[in-house]
Amino acid sequence: MSRLARPTDNRVIGGVCAALARRFGTSATTMRVVFLASCLLPGPQFLLYIALWILLPSEHKVRTSAW
């Protein structure tokens, strides 16, 4: 499993689904379909997506950081 960071490529909106797909070893398309299907259920899916968009660092920033 790789580090959880939004990739600079394969982004559609914020790169959250692409980051989660890379982390769990699935395709980004599969993760997007799962997210869209989960939107049919009640819950805070959009708020979680926005929170992850804000909290997850961009892959570019992770590469350039000292850590």
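The values are calculated or read from the model by the stated rules, or taken from the named source; none is laboratory data. Just so you know, these numbers come straight off a predicted model, no measurement behind them. Here the Cβ positions follow ideal geometry from the backbone for every residue, glycine too, while neighbour counts run over all protein chains shown. The accessibility values were calculated without ligands, DNA or RNA, using every heavy atom of the protein model including side chains. Shrake-Rupley method; radii C 1.70, N 1.55, O 1.52, S 1.80 Å.
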Self-check item: Check on T30, open to solvent by less than 100 Å² (accessible area, probe 1.4 Å) and modelled with pLDDT under 85
Solution: no
Quiz item: Does I50 meet the test of being open to solvent by 90 Å² or more (accessible area, probe 1.4 Å) and of a type in the set (A, V, I, L, M, F, W, C)?
Solution: no
Quiz prompt | Residue count for the stretch 34-47, restricted to those that are over 14 Å from I13 (Cα atoms) and surrounded by 11 or more Cβ atoms within 10 Å (Cβ to Cβ) | solution = 4
Self-check item: Every residue from the stretch 6-21 that is out of contact with any Asp or Glu (no Cβ under 9 Å at 6 or more places or on another chain), surrounded by 14 or more Cβ atoms within 10 Å (Cβ to Cβ) and not small (G, A, S)
Solution: N10, R11, V16, C17, L20
